[in-house]
Amino acid sequence: MVSDTFAKLSERAALCAEKLKQAKKVHLVSHIDADGISSAAIMNLSFERAGIPYTAEFVKKLDERVMVRLLEENHEMLVFTDLGSAMVDFIVDNRMSAVIADHHQPNGRPENIAADSATFPYHINPHLFGANGGFEISGSGVSYILACEIGGKETDNTDLAGLAIVGAIGDMQNRKYGKLAGLNREILEQGAQAGVIKYAPDLSLFGKQTRPIFKILQFSSEPYLPGLTGDEEACIRFLQTAGAGYDQRDGAKLWIELSMDEKRIIISALMKFCDERGFSSRRTQELIRECYTLLNEKEGTEMRDASEFSTLLNATGRYDKAETGVRVCMGDRDDALSAARTLLSEHRKNLVNGLNFVRENGVTQLKNIQYFYSGEEIKETIVGIIAGMASSLENVDRKKPIIGMADSEDGIKISSRGTQDLIRRGMNLSKAMNDVTEAVGGAGGGHDIAAGGTIPPEKADEFIVLLDEYIGRQLNQ
Ligand code: C5P
Ligand code: C5P
Ligand code: ZN
């Protein structure tokens, strides 16, 4: 039994699947992040299994320029995954043949984006049915629902649930409740049933499959562990004192190599460490979280852990190499995987450098928001990740949304990140980004908790002032 919302999405997806099966060829357009890459892999696999010929491409964002190009290319059938819901008017106005599987806040004329739209019924999006695409389902979850309908009675595509979960984790959809909820939970159950995924509470820190434990601690940014994060020797000493995870003779072990007892020893030591430093119990509890294991993947590889897998994918797509990520998702464990691993080590360095940039240059505090401008120091495709990670820095105020800005080809890229607390107080970054970027001649959108956009460079100062006022109004309502 699935929930009502899941059933409604499936119903929409069934309609889309029919349309796709009639096409001689489809062209897929997806987003460059982990969720977009997982979405594309899910679709590609479902096309291959159904014998539907396809081509695919990735874009950083879907704006009018891209839409005009796609229109000129005259595709028989387009499929948009993890983006598209802001372009429904364009699709309708230009009579394009398209299917959208997205989870971003839709944007367009009411008749085009209504749940029962007659002008464009090929739109699968949780927001149409009252679900929140910020945490209940990701682009790859919506793609999974479509893939299951493409499979129909003939092909069971529930084995693709693992990739759907990787996309959801890439979008941090487990943040709100410390585990996947809503539609994501239903997909998770289907994946567990299909035997491809397992979920259980475990250490939340990143790198359990592939990194020695002292490295896990050394690179921990969520939570940031003062005295350990960034200090290799201190991390080794910490493990030696605790009496697990670091052996004088064998050196460091991986997390997955530890016995249950050893894991318990390290977790207790970490909890004690956090208590002694006056961490709130909420932050201390963040050390343990539901974790997701892809059972068909080899132990000790990135792909085994949904979180590590999603970072591996981000390391490809955000550097113009999304195809490499897709190939890994689709099973390439040779060239694509080794290329992805090389990209991953660069990506890690860029994240550390980016975070250091924000630490050193600080953030500017306004009444309702705080922001940093990184020029070309931070790549526009990762400024959002850095803005998200920055909340762990001491000079960042958890009570205000943070705005990161970086130079890009067509203006200044904006990335904003908020908290559940701010949402409860009325903040909606998607609406804010949409309205305020538009007010200065740019464009943007996203989710209530995280949104982005691009603005003309000369409008940066004005934008920041307007955004500060706009968020102020949201919080005061
Ligand atoms: O484009 P897309 O929907 O795929 O990305 C969602 C973004 O929202 C991700 O960058 C993710 O890091 C961010 N997010 C967040 N905090 C949350 C949930 C999502 O920063 N609680
Ligand atoms: O780019 P960034 O990671 O900051 O994006 C945060 C969220 O806003 C993502 O879900 C992204 O897809 C969305 N976004 C958007 N339109 C833009 C830029 C970002 O919908 N122009
Ligand atoms: Zn997404």
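Quick note: the coordinates plus some simple rules give every number you see, no bench work behind them. Predicted model, so just to flag it, every value in this text is computed and none were measured. FYI the Cβ positions are ideal-geometry reconstructions off the backbone, even for glycines, and counts take in every protein chain you see.
Put a plus charge on the Cβ of each Lys and Arg, a minus charge on the Cβ of each Asp and Glu, and nothing anywhere else: the dipole of the chain about its Cα centre is then about 980 debye. Calculated on the Cα set of the stretch 325-393, radius of gyration then Dmax: 15.7, 51 Å.
Please list, by residue number, every one of the GluC sites (Glu not before Pro) in the stretch 73-132 that is coil in DSSP and has at most 14 other beta-carbon atoms within 10 Å. Spell out each step's value before the answer.
Working: sites: Glu73, Glu76, Glu111; in loops: Glu76.
Listed in order of number, the matching sites are Glu76.
Computed about its Cα centre, the charge dipole of the stretch 202-277 is approximately 60 debye, with only Lys, Arg, Asp and Glu carrying charge at their Cβ.
Say the cut-off is 31 Å between C-alpha atoms; which of Lys25/Lys379; Lys25/Lys431; Lys153/Lys176; Lys215/Lys272 go over it? The partial results should precede the final answer.
Details: Lys25/Lys379 35 Å; Lys25/Lys431 36 Å; Lys153/Lys176 35 Å; Lys215/Lys272 19 Å.
Pairs exceeding the cut-off: Lys25/Lys379; Lys25/Lys431; Lys153/Lys176.
A Förster distance of 60 Å, applied to the separation of the beta-carbon atoms of Val66 and Ser281, puts the FRET efficiency at 0.80.
Give me the one-decimal Kirkwood hydrodynamic radius in Å for the stretch 116-197, with the sum taken over alpha-carbon pairs. Working shown, then result.
Details: mean 1/r = 0.0766 Å⁻¹.
After inverting the pairwise mean of 1/r, the radius is 13.0 Å.
Across the stretch 313-323, coupling constants 3J(HN,Hα) worked out from phi with the 6.51/-1.76/1.60 Karplus curve, θ = phi - 60°, read 5, 4, 5, 8, x, 6, 10, 6, 10, 4, 4 Hz, and Gly and Pro carry x. Along the chain, counting only trypsin sites (Lys or Arg not before Pro) with a DSSP assignment other than H, G, I, E or B and at most 15 other Cβ atoms inside a 10 Å radius, the longest segment between sites is 154-248.
The mean of 1/r over all distinct Cα pairs in the chain, once inverted, gives the Kirkwood hydrodynamic radius of 22.9 Å. Whole Å is fine, so just give me how far the alpha carbon centre of the stretch 305-319 lies from that of the stretch 25-77. With the stretch 305-319 and the stretch 25-77 each reduced to a Cα centre, they are spaced 19 Å.
When the Cα gyration tensor is reduced to axis lengths a ≥ b ≥ c, the ratio a/c is 1.5 or higher for the stretch 1-41, and with a/b not above b/c it is classed as oblate. Rounded if a/c is under 1.5, else prolate if a/b is larger than b/c, else oblate: which is the stretch 426-465, with a ≥ b ≥ c the root eigenvalues of its Cα gyration tensor? Prolate. Rounded, prolate or oblate, given the Cα gyration tensor of the stretch 1-158, with a/c below 1.5 counting as rounded? The shape class here is rounded. Kirkwood hydrodynamic radius of the stretch 199-299, from the reciprocal of the average inverse Cα-Cα distance over all distinct pairs: 13.8 Å.
Taken as Cα centroids, the stretch 404-477 and the stretch 216-289 sit 37 Å apart, rounded to the nearest whole angstrom.
Of the GluC sites (Glu not before Pro) in the stretch 261-350, the ones in a loop by DSSP (not H, G, I, E or B) with at most 15 other beta carbons within 10 Å are Glu299.
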